[in-house]
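Colleague: The structure under discussion is supplied below as structure tokens; questions concerning it will follow.
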Amino acid sequence: MIEPQHPTLPITRQCELLGLARASYYHQPKPDSDENLRLMRVIDETYLAYPVFGSRQMTRWLRRQGHAVNRKRVRRLMQQMGLEAIYRKPNLSRKHPANPVFRYLLRRLVIDRPNQVWATDITYIPIQGGFIYLCAVIDWYSRAVLAWELSNTIDARFCVQAVARAMAEHGVPEIFNTDQGSQFTSAEFTQPLLARGVKLSMDGRGRALDNVFVERLWRTVKYDEVYLKSYCSQIDAYTNLETFFRFYNEQRPHSAFGMADPKTPLEVYRQPVALAINQ
């Protein structure tokens, strides 16, 4: 937590130690109406349970739950959150027509070791008076969260920072998988990876499940952490998510590794032993 009156560490240095941009500390999110924020929370929870819902079906669902909404409003809120029905791919990141798109490399690929495949994506995180965005980098084999960043805007910068941190702490993957969003097709994102010999892989258009383990991570983060809290600021969200990801990586046995000898993601990541994973 940032301490403005700290006797020896200025705010700039505290932000550096937390991995936050100084602007994030001073940023005050543009307030939205309380009613819209409540609706966005319901939409987010509903979407995690029923990702096939587009704005039309979401509107019907909300009306059945007693919310007086029209489709135009629901569509606007879903676009603001970056959500579309799964057959159109949850779309926090839109493809830029001038940026190259790389072939999807994971179909029928046997993934049997750490650092073989990393993946990333972006999701919406509600905070008091608005919302922010979370980008996380995971190791596909172990499900370990290797790095993550928060931002109040959707741009390539915080995604690049997350990847740079992951590579600084864990080395370089053989393949890096993303969706086709403009953040991930931009030269700012792709060039540092290509320069280090990483093969880039991108989900097929309309195929959210091509990045299925990141989608599953978002469900875990939302149900086990975000929905149980009410973050008052981006700093508060950072502090709580830092605690959660440490618990997720180091203490919480992952269901993918079975019940006989339950292991955490970091245990699997640090011990490159052939494990039977329930894909």
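The values are calculated or read from the model by the stated rules, or taken from the named source; none is laboratory data. Model, not experiment: these values are computed from the prediction. Note that each Cβ is placed from the backbone with ideal geometry, even for glycine, and that neighbours are counted across all protein chains shown.
Colleague: Limited to the range 245-264, what total is found for residues that are assigned to a helix (DSSP H, G or I), surrounded by fewer than 19 Cβ atoms within 10 Å (Cβ to Cβ) and either free of Cβ contacts under 8 Å to residues at least 40 places away in the same chain or in contact with a Gly (Cβ under 7 Å, 6 or more places away or on another chain) (or both)?
Modeller: Total satisfying the criteria: 4.
Colleague: Yes or no: Tyr231 part of a loop (DSSP other than H, G, I, E, B) and within 20 Å of Tyr47 (Cβ to Cβ)? Break it down into steps so the answer makes sense when it comes.
Modeller: Numbers: part of a loop (DSSP other than H, G, I, E, B): yes; within 20 Å of Tyr47 (Cβ to Cβ): yes.
For Tyr231, the condition - part of a loop (DSSP other than H, G, I, E, B) and within 20 Å of Tyr47 (Cβ to Cβ) - is met.
Colleague: Contact list please: Cβ distance under 9 Å, first residue in the range 148-175 and within 14 Å of Pro192 (Cα to Cα), second residue among the aromatic types (Phe, Trp, Tyr) and part of a helix (DSSP H, G or I), pairs at least six apart or on different chains.
Modeller: Filtered contacts from the range 148-175: Ala156/Phe184; Ala156/Phe189; Cys159/Phe184; Cys159/Phe189; Val160/Phe189; Val163/Phe189.
Colleague: Here is a list: Ala162, Ala147. Which entry is part of a strand (DSSP E or B), of a type in the set (Gly, Ala, Ser), farther than 15 Å from Leu200 by Cα and modelled with pLDDT of 95 or more? Walk me through how you get there before you give the answer.
Modeller: On the way: Ala162 fails: part of a strand (DSSP E or B).
Every option except Ala147 fails the conditions.
Colleague: State whether the residues of the range 88-106 include one that is aromatic (Phe, Trp, Tyr), within 21 Å of the chain's Cα centre (by Cα), modelled with pLDDT under 90 and closer than 26 Å to Phe189 by Cβ.
Modeller: Keep residues of the range 88-106 that are aromatic (Phe, Trp, Tyr), which gives 102, 104.
In the following step, the residues that additionally are within 21 Å of the chain's Cα centre (by Cα) were identified as 102, 104.
Filter again for modelled with pLDDT under 90, leaving none.
No, the range 88-106 contains no residue that is aromatic (Phe, Trp, Tyr), within 21 Å of the chain's Cα centre (by Cα), modelled with pLDDT under 90 and closer than 26 Å to Phe189 by Cβ.
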